[in-house]
Amino acid sequence: MTISTTQIFRQGISAILEQQEGLTRTQLQIASGQRIQRPSDDPSGAVKVIDIEEQIAVTDQHLRNDGFARTELFLEEGAMEGAVNVLQRVRELMIQANNDTQSEATRGTIATEVRARVDELLALANTRNASGDYLFAGFNLDTQPFSSSGGVVTYHGDEGQRRIQVGPSSLIPVSDSGTDVFERIKTGNGALTISTATANTGSGLVKSLSQSSSFTSDVYTLSFSQASATAPVTYAVNGAATGLVASGNYVSGDSISFNSVELVIEGEPANGDVFTVSPSAQQDIFATLAVIADALEGPSTEAADNAKFHNAMGAGLNNIDRALDNFLRVRSNIGSRLNNLDSQGDVNENFLLRMKEARSEVQDLDFAEAISRLSAQATSLEAAQKVFIEVQGLSLFDFL
Amino acid sequence: MADLLGIATSGLGAIQQALSTAGHNIANVNTEGYSKQVADFSTLPAQRIGNSFLGSGVEVGSIRRSYDSFVVDELRTRSSKLGLATAYEAMASSVDSLVGDSDNGLAPALEGFFNAMQGVASDPSSLSARQILLSDAEILSDRFTQLNASLLSFEREANNRITSAVGEINGLANNLAELNSNIVLAQSSGASPNDLLDQRDSLLMQLSEKVGIISLEQTDGAVNVFLGKGQPLVIGGEAQNLVVTDSTLYPGRLEIGVARPGGFTDIISDQISGGELQGVLDFRSRILDPALSELGRVALGMTELVNAQHQLGVDLNGQLGGDFFSPISTSVLDSSANTGSATVSLSIDSASDLEASDYLMVYDGAQWDLTRTSDGVSSSGAGPFSLDGITVSIAGTPAAGDSYLLRPVYGAADGFGLQLIAPDQLAAAAPVLSSLALSNTGSADIADLKVTSTTGLPLAGDITLTYNPDALGAGIPGYDVSGGPGGTIAFNPATESGGKSVAFSGSGDLNFTLSGIPNSGDVITLSANSGAPGDNRNALLLAGMQSERLLNGSSSTFGEAYSGMIGGVGVSTRQAQANLQAEDSLMDSAVAARERVSGVNLEQEAAELVRLQQAYQAAAQLVAITDTLFQTLLNATRR
């Protein structure tokens, strides 16, 4: 078979060019460390890299959000810790004041401290973060949420709760509205509360109020009557909806039961004294504290006043306990959100690591393979060049 | 004796001619398209002397090309395919490099935009976070327009290539026509004009590189050349020139045409097959149009969907959100050849269902035929048409043959821009806020409050939901609704305290979930939310759009739609490269086949020279012998 001279030349050259092209490609890959230089090198790999990079960017952002959420939650937790401390201090003061060794004067001093604590709590409820936003204002975070006027504290925020995205489907709340924390607090024992009528003249003291789960919710009026000074004191309990539910002779310290509610009154209630048992309502903590301070400043020397004072303290302590319950609920919510952040953070870090590994698997060059490929290609190129020179050197004309 | 000298000189002459032929071969060893020539010796007519024929020497009967027309035809076919593959691959590779450069790509800008949106969601009252979002949105819109412009520059390159290819084709056709005339003239003498034939083959090769041709040799030696599907280009000594003309439908796009008598131009782009021209045409329809449409779909989809969500929010000033990105208008292009008076208009119904394609609408005299250009799927009827998230309406009277090009997404990336000016106009908040009355004694709760339309927004007044054990009649519990849609909502705490979804019609088409065990008279209030700087609910929804599959019939995220475009370009380019490689090696073997038949081998020619030299020496010796014989005769007769 005849092969033309140009064909021999062309074949030799194209072999060299082909080797050169492969060598250049490998060189580029090694220089950049990347297997994929252009999408056409590996279209599905290139798409994967772009998609993975988006995932990485999203996860990076979630980690940044995580940091932001942590800052907010730590701040809120600090405020809540302060608030709990305030209430506990007030509780101690109340127990101290509730002791009959205290006089009206010493109780007045205690009241002063309680009022100072109220201001402290108000300041905590108006805590701001680094950017000057109020923590407990809901969405309305550029307005001071709580303001006090004439002893009455008003809320100006809303009930919004800000949430932050820290995972593909994980939205963590980073705020609690002032209403939720400081206002939506049940009175009494959470189900029922008892109040002492201001007009009472006896020394009836509320010892306890409890109910079983099947109790009937109603406003019950417990009224005492005594036909004459020597007659026994009797009581009657009237439900606003349920009518007369209990009545009998009053014995100090005996329980009065009706509709699964159990009430113990001690002391000597006078004719016409009234106690009202009603379903717990919501009362904000500032109102609770104001009532307590007022009671501390009130009279307590006379037996009737003393009973009213103790009843007020008892009710106040109940209310403070409900507020503490609520504060602790908020704190434990914050704690579980922080836990959530921790675990979501771990998930994010792991995901990031996996994504980066996946990216490197698709995109990064196997250097060992590439370098051995490079040397193989270099050898081939050299061989092709040698062959070319050898073949081109052969000519019959040299012998003519 | 005289005969012997005659024989010797005939030998010398013939061998000289053969030597010249070998020399011609050697001299043309590097001439492109040259076919090796062979001198065929033949005996001169013999003389009859007595009873026998006496040979009278040699002559060169013909000098012929070493040629195989089948091999050359194959070479031309391969050359057309290689021309196509080369042009297609070259242009595809440029697009591949452009979109593959991650620094210029859309992906980082998309990520930046959504990250900034997350930043706003984390700190909605921060003006600086909002400002960062706006500047990231600017960057995104720059990327969209830049990428669109870079892709459009390939349209210009395609036009340039078409123009220059058509110019070259016309030049080659004219040369061919001239050569045809010369060859017919030369051939009439009976001899084969080898070098002219080689020149013509070479022109045909060059021509087939530009465009696929069919060549038919005529008996008079001329070659008639036709374009791929029968359009004559050269007939004998006449060339029909091609022209470049504006597309009647596509703005800024050139087509290939033929000038007809009377000033008409027939567009013959669809008759082109093979060669660089088809490579360019294929690139336009298979890579450029899909890429621009895909990019446009991401741009239009983002604009429509982000705007829709943004309008469901409230900005820092308490106003409902406006357009976040500038609305993009879609185009309907009338063919310049239309004669009817119909107006075709296009509207977007659902950005999620858009296809990355143009639509071609043709009226056949009785009905419309609507074809999706990306895959050729068509439907027909009187219209209007509703498909792929668009509605096409027609007004006026069309004429048969009228055509319209609908481009819902193509080039939309060019119109991508930011509409929002001030950071406080970003509607990060939701327009409705819920609250539970402090006087509630039950555990009524409301969650997942979401507006789904702008109808009835902002709320005209508070909507109050009051629990009533007998709301829907004695013993059928629920909420009495005052304000908004009014009426009642059935809600049974005994079975539904875990949560019940409720949807309003009107009042922002509110959706929410009621839960808990309310007591009679418990109140939930829904009120208009204005000026709540800490509300990030709409910003969260906007940021969440990054990972929602909102495009392509709800199967791709914005990022995936974009990476899909890059993947498409990558796959096409890879295919083009593989194709080019295959065509390259097919071309190599076609060239090798031709070289086997027609190529010059210097060794062979050297051997030929040696052989002819020896023959020449022998013939020269014959002259010397003749001379000796003659001298002998003279000496013998000298007295």
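The values are calculated or read from the model by the stated rules, or taken from the named source; none is laboratory data. Being a predicted model, the structure only gives us computed values, none of them experimental. Cβ: placed from backbone, ideal geometry, glycine included. Neighbour counts: every protein chain shown.
Key figures for this structure:
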item	result
From B:PRO485, B:PRO533, residue being in a loop (DSSP other than H, G, I, E, B), modelled with pLDDT under 90 and away from chain A (no Cβ under 14 Å)	B:PRO485
Qualifying positions in segment B:463-506 - small (Gly, Ala, Ser), buried (at least 17 other Cβ atoms within 10 Å of the Cβ) and farther than 18 Å from B:ALA444 by Cα	B:GLY484
Hits in segment B:530-548 (condition: polar (S, T, N, Q) and surrounded by fewer than 24 Cβ atoms within 10 Å (Cβ to Cβ))	B:SER530, B:GLN546, B:SER547
Candidates A:VAL153, A:VAL174, A:VAL166, A:VAL181 - the one that is more than 12 Å from chain B (Cβ to nearest Cβ) and surrounded by 24 or more Cβ atoms within 10 Å (Cβ to Cβ)	A:VAL181
Residue identified as within 30 Å of B:PHE113 (Cβ to Cβ), more than 8 Å from every other protein chain (Cβ to nearest Cβ), in contact (Cβ under 8 Å) with a residue 40 or more places away in the chain and surrounded by fewer than 21 Cβ atoms within 10 Å (Cβ to Cβ) among B:SER520, B:SER554, B:SER527, B:SER515	B:SER554
Selection count where residues are more than 45 Å from the chain's Cα centre (by Cα), among the hydrophobic types (A, V, I, L, M, F, W, C) and assigned to a strand (DSSP E or B), scope segment A:187-241	3
Number of the condition not met by B:TYR562 [criteria: (1) within 11 Å of chain A (Cβ to nearest Cβ); (2) of a type in the set (Ser, Thr, Tyr); (3) not in a helix (DSSP H, G or I)]	(3)
Subset of segment A:359-400 (residues that are free of Cβ contacts under 8 Å to residues at least 40 places away in the same chain and either part of a loop (DSSP other than H, G, I, E, B) or within 14 Å of chain B (Cβ to nearest Cβ) (or both))	A:GLY393, A:LEU394, A:SER395, A:LEU396, A:PHE397, A:ASP398, A:PHE399, A:LEU400
Answer residue from segment A:121-135, given it is touching a residue at least 24 places away in the same chain (Cβ under 8 Å) and more than 11 Å from every other protein chain (Cβ to nearest Cβ) and is nearest to B:ALA437 (Cα to Cα) among those	A:ALA125
Among residues of segment B:162-174, those that are in contact (Cβ under 8 Å) with a residue 40 or more places away in the chain and either within 14 Å of chain A (Cβ to nearest Cβ) or out of contact with any Asp or Glu (no Cβ under 7 Å at 6 or more places or on another chain) (or both), counted	8
Segment A:1-10, residues that are within 8 Å of another protein chain (Cβ to nearest Cβ) and part of a helix (DSSP H, G or I)	A:THR5, A:THR6, A:GLN7, A:ARG10
Members of segment B:52-96 found to be of a type outside the set (D, E, K, R), at pLDDT 90 or above and part of a loop (DSSP other than H, G, I, E, B), listed by number	B:GLY57, B:SER66, B:TYR67
Enumeration of residues in segment B:25-55 that are surrounded by 19 or more Cβ atoms within 10 Å (Cβ to Cβ) and of a type outside the set (Gly, Ala, Ser)	B:ASN25, B:TYR34, B:LYS36, B:GLN37
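Conditions tested, residue by residue: (1) within 30 Å of B:ALA109 (Cβ to Cβ); (2) outside any strand (DSSP E or B); (3) touching a residue at least 12 places away in the same chain (Cβ under 8 Å); (4) more than 14 Å from every other protein chain (Cβ to nearest Cβ).
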{"position": "B:THR391", "(1), (2), (3), (4)": "no, no, yes, yes"}
{"position": "B:ALA400", "(1), (2), (3), (4)": "no, yes, yes, yes"}
{"position": "B:LEU420", "(1), (2), (3), (4)": "yes, yes, yes, yes"}
{"position": "B:LEU433", "(1), (2), (3), (4)": "no, no, yes, no"}
{"position": "B:LEU438", "(1), (2), (3), (4)": "no, yes, no, no"}
{"position": "B:ALA447", "(1), (2), (3), (4)": "no, no, yes, no"}
{"position": "B:THR452", "(1), (2), (3), (4)": "yes, yes, yes, yes"}
{"position": "B:THR455", "(1), (2), (3), (4)": "no, yes, yes, yes"}
{"position": "B:LEU459", "(1), (2), (3), (4)": "no, yes, yes, yes"}
